Each structure stands twice: as C-alpha cells, then as structure tokens.
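In what follows, a single structure is set out as structure tokens and then discussed.
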Amino acid sequence: MDASSRAALIASRERLAETTSGAAGPGLLALADELFAVARLLDGHVALRRALSDPAGKPADRAGLAHRIFDSRVSAAAVDLVETVARQRWSRPLDLVEAVETLATDTALDAAEARGELEGVEDELFRFGRIVGGDPQLSRILSDDAAPAEGRAALLDRLLSGRVSPVTEQLVRNSLTARHVGNAEVRVERLSEAASARRGRSVAHVTTAVPLSAPQEQRLREVLGRIYGRTIGLQVTVDPEVLGGLIVRVGDEVIDGSIANRLEVAGRRLAG
C-alpha cells in the first residue's frame, strides 16, 4: 500500500476499535466472519470494488452504495465498517479488499483476546504453519489458487476442527480459501506474526539442529531484544540439516550462523 491507502487503513482500524470496544468473544467472532465474507465478495466482483473505491465519486455516495448493498446481508456493525472503508481514499481497488481482510483479522484477534486465548492462537498458527511447510503435498494443495475453495475448506475442517481454538480455525480457513493464497505457509506465518504483534512482540523464527534449553531460549530472547530494541518472541524449529548453530529470521532479516552455511561459504571460497 502507498501512503494514501495506509492512511485510509489507519482510519478504518480506528473505526473498528470504536465499534468493537468492550465487545465479547462470540460477537467479535461473528463480526469477523461477516467481514471475511464481505472481503470475499469484493474480491470476486471487480466492478463493485472499483465503485466503492472510485476516487471520482463522493465519499458519501460510496458509503451510500455500500449501505444499499450490505444492509440486508450483514449486521449493523459490519455495515458501518464497510461504509467507513468506502469513504476512504484508496490508491487501487484491491487495497480496499485488503483493508476489509485486515479488519476481519483484527476482529478475530480481538475475539482471541476477549476469550483469553491470544497466546494459544499465536502458538497454534505457528505450529500449523510448520505442518504445512513440512508437508509438500499439503502445501501444494493449500497454495493452489486453481483448487476449489470448497475443497480446501473441507480439508482444513478435517485438519483443524475440534483441535484448535475457533479463532485459529476461522483465521486459517478464511486465509487459505481466498482466491489468491500464494504460499500457504507464508500466509499462516503472517497470521501468527499478527497475533504476536498484538501481544506487543516481534517474532524471531529460529532454526536449530537440536532443541534449545529454557536458559538458552531466554538468553537468545535477551540478545535479540537488545539488537532490535523491542520484545522478541521465539518460534523454534528443529532441523538437523543445519548441522549446528542457529538460523534466525526476524521479518525480512536473516542471521544465518549455521554450520551448514559456513561450510557452504567456505566451499564457494575454495571453488573461487
């Protein structure tokens, strides 16, 4: 998103915070479902999202169109939020769709907080992302935009139903049945990072050859916290192929201190 769309998203999120203040978990889950449904509808109807984001139109007219379309389909709170989104100035129509998806995700995480499950949801999302990343066939199916959304939803129901929080299930199902999933593991990882950010933390994805002890994890958190100047949570994956040392990724930054990487670098130097 460019500056104007980012400003529009901030305004929309502020309205969400006002709308959901003090709401309970069940109501928040229902609202998140409605917002995800709106995002799917907008994603599938090019003309509609263009009309709701048309910079040539008046904000009040765009909001009025949103009201006429959604008033009989979703709750008053959802209608109000869609009207708010329609009033904003978006750089491109797809930014409007992304904004509604973001509001839906925010609302689901609000529900997790209200239910006292935010830490558990973060952990479940991380673990499911690892499962997807470790199963090439599952990753291929869930990342395939050509695969019917209904089939992906049924598969996710079999994998998740009754095994994870309703919030985790809601987030994963809606994210991985979208029209454009991309890389399924990355999509789920981003949800985990959003949950972590809600807890005031950044996430360091750590790959190690052997499990870390509790003191080692604490020391690593402290070191990374000093490096990045903020609280860092760890998501640790054990992979014997790294041989020794650690691979640490925080956002787009990777610190590769593994023995495997050192051997590879040494091999390139010898070859050169």
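All of the numbers you see were taken from the coordinates with simple rules; none came from a lab. What you see is a predicted model, and the numbers here were worked out from it, not measured in a lab. Reconstructed Cβ throughout: ideal geometry from the backbone, glycine too, with neighbour counts over all protein chains shown.
Any idea what the alpha-carbon Rg over 2.2 N^0.38 Å comes to for the stretch 172-237?
Numbers: Rg = 14.3 Å, N = 66, 2.2 N^0.38 = 10.8 Å.
The value comes to 1.32.
Where does helix 166-176 land angle-wise versus the long Cα axis of the chain, in degrees 0 to 90, nearest 10?
With rounding to tens, the tilt is 90 degrees.
Tell me, how many Å apart are the Cα centres for the stretch 22-47 and for the stretch 106-152?
The two parts, judged by their Cα centres, are 17 Å apart.
Quick one: angle between helix 184-198 and the longest Cα principal axis of the chain, in degrees between 0 and 90, rounded to 10, please.
So the inclination is approximately 80 degrees.
Does anything in the stretch 42-61 have its amide N under 16 Å from the 7 Å Cα→Cβ label point of SER4, and if so which residues?
Under cut-off, by backbone N: 50-60.
Restricting everything to alpha-carbon atoms, can you work out Rg to Rh for the chain with a Kirkwood hydrodynamic radius?
Computed over Cα atoms, the ratio is 1.03.
Counting pairs of alpha carbon atoms under 8 Å apart in space and at least six apart in sequence, what relative contact order in percent does the chain give? Numbers along the way, then the final one.
On the way: 354 pairs, mean separation 43.0, N = 272.
Rounded, it is 16 percent for the chain.
Taking the Cα centre of the chain as origin, sum charge times position over the Cβ atoms of Lys and Arg (+1) and Asp and Glu (-1), and report the length of that vector in debye to the nearest 20.
So the magnitude is around 480 debye.
P(r) for the stretch 32-85: what percent of alpha-carbon pairs falls in each 10 Å bin, starting at zero?
Percent of Cα pairs in each bin: 26, 60, 14, 0.
Convex hull volume of the Cα atoms in the stretch 7-65, per residue, in Å³?
Values: hull volume 5.6 nm³, N = 59.
Each residue corresponds to 95 Å³ of Cα convex hull volume.
Which residue, GLN88, GLN218, GLN235, has the most motion in a Gaussian network model of the chain that connects Cα atoms within less than 10 Å?
GLN218
Rounded to the nearest 20 debye, what is the charge dipole size of the stretch 1-156 about its Cα centre when +1 sits on each Lys and Arg Cβ and -1 on each Asp and Glu Cβ? The partial results should precede the final answer.
Details: 18 positive and 26 negative charges, 130 e Å.
Computed about the Cα centre, the dipole is about 620 debye.
Can you sort ASP2, ASP239, ASP80 from fewest to most other Cβ atoms within 10 Å of each residue's own Cβ? Don't jump to the answer; show the numbers that get you there.
Working: ASP2 10, ASP239 14, ASP80 19.
Listed from fewest to most nearby Cβ atoms, that is ASP2, ASP239, ASP80.
Helix 59-70 versus the longest principal axis of the chain: what angle, 0 to 90°, nearest 10, using Cα atoms?
The answer is roughly 90 degrees.
The stretch 1-115: D in µm²/s via Stokes-Einstein (Kirkwood Rh, Cα pairs, 25 °C, 0.890 mPa s)? Intermediate values should be presented prior to the final figure.
Numbers: Rh = 13.8 Å.
Here the translational diffusion coefficient equals 178 µm²/s.
When the helices in the chain are scored as -39500 (n - 2.57) per DSSP H run of 4 or longer and the sum is shared across all residues, what 222 nm value do you end up with, to the nearest 500 deg cm²/dmol? Don't skip to the end; give the middle numbers.
Working: 13 runs with 183 residues, N = 272.
That comes out to -21500 deg cm²/dmol.
Note down, for the stretch 56-122, the three equivalent ellipsoid semi-axes (square root of 5 times each alpha carbon gyration tensor eigenvalue), biggest first, whole angstrom. Walk me through the numbers on the way to the answer.
Details: eigenvalues 150, 43, 12 Å².
Ellipsoid half-lengths, sorted descending, are 27, 15, 8 Å.
With point charges of +1 on the Cβ of Lys and Arg and -1 on the Cβ of Asp and Glu, referenced to the Cα centre of the stretch 1-115, which listed residue (GLY25, PRO55, ALA104) lies farthest in the positive direction of the dipole?
PRO55
About the Cα centre of the stretch 117-200, what is the dipole size in debye to 20, counting +1 per Lys and Arg Cβ and -1 per Asp and Glu Cβ, all else neutral? Write out the running numbers ahead of the final one.
Numbers: 12 positive and 14 negative charges, 23 e Å.
Dipole about the Cα centre, nearest 20: 100 debye.
Just the number: Rg to Rh for the stretch 117-200, Cα atoms, Kirkwood Rh, two decimals. Walk me through the numbers on the way to the answer.
Working: Rg = 11.9 Å, Rh = 12.6 Å.
Ratio value, two decimals: 0.94.
Please arrange SER91, SER12 by how many other C-beta atoms lie within 10 Å of their C-beta, fewest to most.
Numbers: SER91 16, SER12 22.
Arranged by neighbour count, lowest to highest, SER91, SER12 become SER91, SER12.
Of VAL164, VAL223, VAL203, which has the largest mean-square fluctuation in a 10 Å C-alpha GNM of the chain?
So, out of VAL164, VAL223, VAL203, the one fluctuating most is VAL223.
Find which of PRO166, VAL186, GLY151 sits farthest along the positive direction of the dipole of the stretch 117-200, computed with +1 on the beta-carbon of Lys and Arg, -1 on that of Asp and Glu, about the Cα centre.
Value: GLY151.
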